[in-house]
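Q: One structure, as structure tokens, below. Some questions next.
The values are calculated or read from the model by the stated rules, or taken from the named source; none is laboratory data. Treat the numbers as computed from the prediction; the structure is a model and nothing was measured. Heads up, the Cβs are rebuilt from the backbone with ideal geometry, glycines too, and the neighbour counts pull from every protein chain shown.
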Amino acid sequence: MAVKAKELSALEVGRLRSRPGLHAVGGVPGLYLQVTPTGATTWVLRTMIGSKRRAMGLGGFPGVTLAGARERAREARLQVEQGVDPILARQKAKNALRDEQAKALTFDEAVRRYIDAKSDEWRNVKHRAQWKATLETYASPFIGKMLVADVEQRHVLSVLEPIWKIKTETATRVRGRIETVLDWARVRGYREGDNPARWKGHLDALLPKPGKISKVVHHAALNVDAAAGFISALRQVNGMGARALEFAILTAARSGEVRGALWAEIDLDEGVWTVPAERMKAHKEHRVPLSQHAVKLLKNLPKVEGTDLVFPAPRGGQLSDMTLTAVMRRMGIDAVPHGFRSTFRDWVAERTNYPRELAEKALAHVLESKVEAAYQRSDMFDRRAHMMAAWAKFCETPVVKSDKSKKVVDLPTTKKAA
């Protein structure tokens, strides 16, 4: 039978601190004070756990008192008697705590990490800024400091309900971005369960459908018959903004594509402007046929030293997105530059026999029908070149008000081989 250790007093245990070694202190079988040569002192419980003899640390002395060490030793031995490995249980508890701490990610931090991880896929810096700004403005005040693991339906609704009816388009974007961030957090292991920001089968039962409460506001556009008169007046306006606007009208291009145009993209001899995929909304390279009027405009532009931009700002860099709009405002025109794409589209539909898909190609629109898109792999460049030349000619010829008959431009005929 093993010899039972003498039960030492707190004073006696204190004296052991000067004696390196393993000292039985009694009170609980297997409880020792371990003193290292450096003077460090810790409590150790030596006992059989299953089929193995184990030594379990119970904390340092005097941080853990003699009474405290005996209490911990009794609890550990009780666990052993109940078939629990206290060392393993403690390790599992520590691991669980680390996991919980690792999941302690706030919504604001999740947004930052998501943007850092995915923004390389986005077409421009502006898109990243819009993502960050909308969530900072509308979501962060409500859920920014919350752990993503704790975000529930009621929290998402607290973000959306104040703006759903008055800023519907913005609200739908915010909802979609919250859903995306929470999806990212779930995949990364920061949250579990269904996404409380999902629309179909969830929030669509609680919020009115966006299409039922918001009206689509189209860009203000100039009437087709006023296009030529406007071009004539525009040519009397000096400045790079006016020339960029004129070029945008003649090419039916977007403002951003024109403002970022580089001389390296333009072949004046062939009459082609090739816009790279990274500057296109659809992320596909777009060849723009240049009419004689567009080529003439470009040839008359000065090439500014130190930049390859076709339409540089006076102080360097690109023209701002408001520059072209400002030109129209100063001219007293109640329309916006983007509206000329609509004017061009109306001209094609009302004054020509060019097919719809040709106009869509000119506008670099993505066809909604995947079947139709699959069959239209050609960019129809030659046919578009004829159409853009006809558009430029139309913009040069003011419509006579008394002429009630609208002249229809026909497609070019193909000469038969002799």
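Q: In the set THR343, THR325, THR307, which member is at pLDDT below 95, hydroxyl-bearing (Ser, Thr, Tyr), part of a loop (DSSP other than H, G, I, E, B) and assigned by TED's automatic domain parsing to the domain that holds ARG384?
A: On the way: THR343 fails: part of a loop (DSSP other than H, G, I, E, B); THR325 fails: part of a loop (DSSP other than H, G, I, E, B).
Matching residue, one of THR343, THR325, THR307: THR307.
Q: Among the residues of region 212-227, count how many are over 16 Å from ILE333 (Cα atoms) and at pLDDT 75 or above.
A: Residues flagged as over 16 Å from ILE333 (Cα atoms) and at pLDDT 75 or above within region 212-227 amount to 2.
Q: What's the number of the only condition in (1) surrounded by fewer than 20 Cβ atoms within 10 Å (Cβ to Cβ); (2) at pLDDT 95 or above; (3) not assigned by TED's automatic domain parsing to the domain that holds ALA326 that LYS209 fails to meet?
A: If we test LYS209 against (1) surrounded by fewer than 20 Cβ atoms within 10 Å (Cβ to Cβ); (2) at pLDDT 95 or above; (3) not assigned by TED's automatic domain parsing to the domain that holds ALA326, just (2) comes out false.
Q: Within region 322-335, which residues are out of contact with any helix residue (DSSP H, G or I) (no Cβ under 6 Å at 6 or more places or on another chain) and not small (Gly, Ala, Ser)?
A: Across region 322-335, the qualifying residues are MET322, THR325, MET328, ARG329, ARG330, MET331, ILE333, ASP334.
Q: Tally time: how many residues in region 30-58 are surrounded by 13 or more Cβ atoms within 10 Å (Cβ to Cβ) and of a type in the set (Gly, Ala, Ser)? Give the steps one after another, and end with the answer.
A: Of region 30-58, the ones surrounded by 13 or more Cβ atoms within 10 Å (Cβ to Cβ) are 30-35, 41-47, 49, 54-58.
Within this subset, residues satisfying the condition of being of a type in the set (Gly, Ala, Ser) are 30, 55, 57.
Count: 3.
Q: Here is a follow-up. Report, by residue number, each residue of region 36-64 that is more than 20 Å from ILE87 (Cβ to Cβ) and modelled with pLDDT of 90 or more.
A: THR41
Q: Of all residues in region 166-195 being surrounded by fewer than 14 Cβ atoms within 10 Å (Cβ to Cβ) and in contact (Cβ under 8 Å) with a residue 40 or more places away in the chain, which is nearest to the chain's Cα centre (by Cα)?
A: In this case the residue turns out to be GLU169.
Q: Can you work out which of the residues in region 250-270 that are farther than 17 Å from ALA364 by Cα and among the hydrophobic types (A, V, I, L, M, F, W, C) is surrounded by the fewest Cβ atoms within 10 Å (Cβ to Cβ)? Spell out how you get there, then give the answer.
A: Start the filter on region 250-270 by keeping residues that are farther than 17 Å from ALA364 by Cα, which leaves 262-264, 266-270.
Going one step further and asking which of them are among the hydrophobic types (A, V, I, L, M, F, W, C), we end up with 262-264, 266, 268.
Working: LEU262: 14, TRP263: 14, ALA264: 10, ILE266: 20, LEU268: 14.
Among them, the one singled out is ALA264.
Q: Between a first residue in region 44-64 that is assigned by TED's automatic domain parsing to the domain that holds ARG17 and a second residue that is assigned to a loop (DSSP other than H, G, I, E, B) and small (Gly, Ala, Ser), which pairs have beta carbons less than 6 Å apart while being 6 or more apart in sequence or on different chains?
A: So the pair list comes out as LEU45/GLY30; ARG46/GLY30; THR47/GLY30.
Q: Could I ask something else about it? For the structure I just gave you, tell me whether ALA373 is more than 28 Å from the chain's Cα centre (by Cα), in a helix (DSSP H, G or I) and either modelled with pLDDT of 80 or more or surrounded by fewer than 20 Cβ atoms within 10 Å (Cβ to Cβ) (or both). Give the steps one after another, and end with the answer.
A: On the way: more than 28 Å from the chain's Cα centre (by Cα): no; in a helix (DSSP H, G or I): yes; either modelled with pLDDT of 80 or more or surrounded by fewer than 20 Cβ atoms within 10 Å (Cβ to Cβ) (or both): yes.
It is false that ALA373 is more than 28 Å from the chain's Cα centre (by Cα), in a helix (DSSP H, G or I) and either modelled with pLDDT of 80 or more or surrounded by fewer than 20 Cβ atoms within 10 Å (Cβ to Cβ) (or both).
For every residue, the table says whether it meets (1) among the aliphatic types (A, V, I, L, M); (2) modelled with pLDDT of 85 or more; (3) crowded, with 18+ Cβ neighbours inside 10 Å.
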{"site": "HIS365", "(1), (2), (3)": "no, no, no"}
{"site": "MET387", "(1), (2), (3)": "yes, yes, yes"}
{"site": "ALA390", "(1), (2), (3)": "yes, yes, yes"}
{"site": "SER402", "(1), (2), (3)": "no, no, no"}
{"site": "VAL408", "(1), (2), (3)": "yes, no, no"}
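Q: Restricting the first residue to region 254-269 and requiring it to be at negative phi and among the hydrophobic types (A, V, I, L, M, F, W, C), which pairs with a second residue that is assigned to a loop (DSSP other than H, G, I, E, B) and surrounded by fewer than 17 Cβ atoms within 10 Å (Cβ to Cβ) meet a Cβ separation below 6 Å and a spacing of at least six or different chains?
A: Note: pairs meeting the criteria are LEU262/ASP308; TRP263/ASP308; ALA264/ASP308.
Q: Sort out which residues of region 65-106 are modelled with pLDDT of 85 or more, aliphatic (A, V, I, L, M) and surrounded by fewer than 16 Cβ atoms within 10 Å (Cβ to Cβ), and write them in order of number.
A: The answer is ALA67, LEU78.
Q: Quick check: is even one residue across region 77-86 within 30 Å of GLU192 (Cβ to Cβ) and hydrophobic (A, V, I, L, M, F, W, C)?
A: So far as region 77-86 goes, yes, one or more of its residues are within 30 Å of GLU192 (Cβ to Cβ) and hydrophobic (A, V, I, L, M, F, W, C).
Q: Which condition number does GLY27 fail, the rest of (1) under 17 Å from VAL64 (Cα atoms); (2) surrounded by fewer than 17 Cβ atoms within 10 Å (Cβ to Cβ) being met?
A: Looking at each condition in turn, GLY27 falls short on (2).
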